[in-house]
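Written out below as structure tokens is the structure these notes cover.
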Amino acid sequence: MTVRVRYAPSPTGEPHVGNIRAALFNWLYARHRGGRFIVRIEDTDQARLVPGATEAILNGLRWLGLDWDEGPDVGGPYAPYIQSQRLSRYQEAADRLLAEGHAYRCYCSPERLEQVRAEQARRKEPPRYDRHCRDLTDAQRADYAERGVAPVVRLRTPLEGQTAFHDYLRGNIVVDNSTLDDFVLLKSDGFPTYHLANVVDDHLMDISHVMRGDEWLPSTPRHVLLYEALGFAPPVFVHLPLILGTDRTKLSKRHGATSITEYRERGYLAEAMMNFLALLGWAYDEKTELFTRAELIRYFPLERLGKTPAVFNPEKLDWMNGVYIRRLAADDLAARLVPFLERDLPPQVPRPLDATYVAAIVPLIHDRLKRLGEVAELTDFFFLEELAYETRLLLGKDLTADLAGRALETTLPALEGLEPWDAPTLERVIRGLAEDLGMKTGPYFGVLRVAVTGKTAAPPLFQTMAVLGRARTLKRLHDARAALLNVAV
Ligand code: GLU
């Protein structure tokens, strides 16, 4: 069997990480089996469309490095891959179901349906269509048509018996047909519902496996009824376990970022994100966490999918991202950081940035960086002309303004003619000054660190000074000294 799997997003908003996880699993499985990965845009719920959402979803996939063999932009043998461009197929299917008695036209007005729902709510019954139009006579139908009432098409769901199907992960699932209602297939505007369009397309596009989130499991019996009514063979169903937050409730905005775009913007690496998402419902063994893209593809048979809900742990993601960042070559990391710096540095820093200067800074923070989006905050002092000192930071626990000032005054002349201006020389001279001053290196280096960076926690001091250069370093020592004089007065 040729594996043909699809990712079928609805462009109704930002691409949710749970949804992207489904895309990733389909892609991995297709690549593992040498099959085809198809992207299909399910845009039949016109009221919920969000402009730009399709592009955001496709960009999310591209960013992760998921390529598709068939899809809206690349085309393919089953084109078009956008459901709103395939309306005639759904119409034909609905016509066939009507002709064969598997479906019927329903003329109920929204007001009537609302009334039915309200009564059901009062009687504490589950909301469902009361099948008012299921057995209309031809005369009644003609009468509605004459009055210009636009009908919807509903499935004539069997009133008795059971619908059974097999889910690869969940096993056999059986539901009583009495719990299913006569759901809508085609809306009065001629657009199909998700159920009809999804089943028709999975069939027409020869989809072998439907792999999607668990939240679609309740829809599956309806789909199975439709496959039966249309005489189509159903695909293999694989419902992927839910993704939970660390509090074990369904992952949502409350847990922080949920859109893949946001993760990209915060500076997670695509490689790390792919690795992390792959572990949400799949495991190679009990312990291995880090996988390259090639390894994921190699190790992705369906047998390793889990059944239990997966927990999205942001701390683990940060850890993993840090690991991936540390594995990058410094020049690769520098190139990836430039756009983040250009986005986040204060506006007074002139753009474009000097790539050589950025490359000199990167080794100083390489080991500490967890997200690319942290870079401007960690390194802004390298780019700013003036630092705004919080003078209290210049003063340590046992450090008076007087002593701190003296430390700066002693340092300045010693650095003015220093040659060469590099980290080892700076370190040697400054350590010597600590001794001359009779100061412990802790508080002394502390005041210098705040003077040159404006921060108490910063990259290694001497390397920082070396990269900053003599002029900037000296100016800052002066400025810090002046700031201290203001305190003393
Ligand atoms: N359009 C549905 C979604 O937004 C597709 C669900 C499915 O894969 O069947 O996720």
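Brief remarks follow.
- Verdict on Ala355 being under 22 Å from Val450 (Cβ atoms), of a type in the set (Gly, Ala, Ser) and either in contact (Cβ under 8 Å) with a residue 40 or more places away in the chain or open to solvent by 50 Å² or more (accessible area, probe 1.4 Å) (or both): no
- Selection count where residues are more than 17 Å from the chain's Cα centre (by Cα) and open to solvent by 40 Å² or more (accessible area, probe 1.4 Å), scope the stretch 304-318: 4
- Residues in the stretch 11-37 that are open to solvent by less than 50 Å² (accessible area, probe 1.4 Å), within 14 Å of the ligand (Cβ to nearest atom) and part of a loop (DSSP other than H, G, I, E, B): Pro11, Thr12, Gly13, Pro15.
- When the stretch 377-398 is filtered for residues that are open to solvent by 10 Å² or more (accessible area, probe 1.4 Å), assigned to a helix (DSSP H, G or I) and at pLDDT below 95, the ones remaining, listed by number, are Thr391, Arg392, Leu393.
- Filter pass, Leu240 being under 30 Å from Cys108 (Cα atoms) and at pLDDT 95 or above: no
- The strands (runs of 3 or more DSSP E) located wholly in the stretch 129-209 that include 1 or more residues which are of a type in the set (Lys, Arg) occupy 152-155.
- Unmet criterion (only one of (1) farther than 22 Å from Phe191 by Cβ; (2) open to solvent by less than 70 Å² (accessible area, probe 1.4 Å)) for Tyr129: (1)
- When Arg6 is tested against (1) buried (at least 21 other Cβ atoms within 10 Å of the Cβ); (2) of a type outside the set (Gly, Ala, Ser); (3) more than 13 Å from the ligand (Cβ to nearest atom), only condition (3) is not met.
- Scoring Arg254 on the criteria (1) under 30 Å from Val149 (Cα atoms); (2) in a helix (DSSP H, G or I); (3) of a type outside the set (Ser, Thr, Tyr); (4) more than 15 Å from the ligand (Cβ to nearest atom) leaves a single failure, condition (1).
- Complete set of residues in the stretch 208-251 that are under 30 Å from Glu160 (Cβ atoms), within 14 Å of the ligand (Cβ to nearest atom), in contact (Cβ under 8 Å) with a residue 12 or more places away in the chain and open to solvent by 10 Å² or more (accessible area, probe 1.4 Å): Arg212, Asp214, Glu215, Trp216, Leu217, Ser219, Arg222, Pro234, Pro235, Val236
- Unmet criterion (only one of (1) open to solvent by less than 40 Å² (accessible area, probe 1.4 Å); (2) of a type in the set (Asp, Glu); (3) away from the ligand (no atom under 12 Å from the Cβ)) for Glu111: (1)
- Search result, residues across the stretch 190-207 that are without any contact (Cβ under 8 Å) to a residue 60 or more places away in the chain and farther than 29 Å from Lys250 by Cα: His203
- Sub-8 Å Cβ pairs linking a first residue in the stretch 138-160 that is surrounded by 15 or more Cβ atoms within 10 Å (Cβ to Cβ) to a second residue that is among the acidic types (Asp, Glu), at least 6 apart or interchain, are Arg154/Asp182; Leu155/Asp182; Arg156/Asp182; Thr157/Asp181; Thr157/Asp182, ordered by first then second residue.
- In the condition set (1) within 26 Å of Pro9 (Cβ to Cβ); (2) of a type outside the set (Val, Ile, Thr); (3) surrounded by 12 or more Cβ atoms within 10 Å (Cβ to Cβ), Asp189 is compliant with all but (3).
- The set of residues from the stretch 118-128 being closer than 21 Å to Arg156 by Cβ and part of a helix (DSSP H, G or I) comprises just one member, Gln120.
- Across the stretch 399-446, the qualifying residues are those that are open to solvent by less than 30 Å² (accessible area, probe 1.4 Å) and outside any helix (DSSP H, G or I), and the one among them that is nearest to Ala360 (Cα to Cα) is Leu418.
- Test: Tyr284 is open to solvent by 20 Å² or more (accessible area, probe 1.4 Å) and either under 25 Å from Ala30 (Cα atoms) or not in a helix (DSSP H, G or I) (or both): yes
The values are calculated or read from the model by the stated rules, or taken from the named source; none is laboratory data. Predicted, not measured: the structure shown is a model, and the values here were computed from it. All Cβ positions, glycine included, derive from the backbone under ideal geometry; neighbour counts span all protein chains shown. Side chains are part of the model used for accessible areas, which takes the heavy atoms of the whole protein and leaves out ligands, DNA and RNA. Shrake-Rupley method; radii C 1.70, N 1.55, O 1.52, S 1.80 Å.
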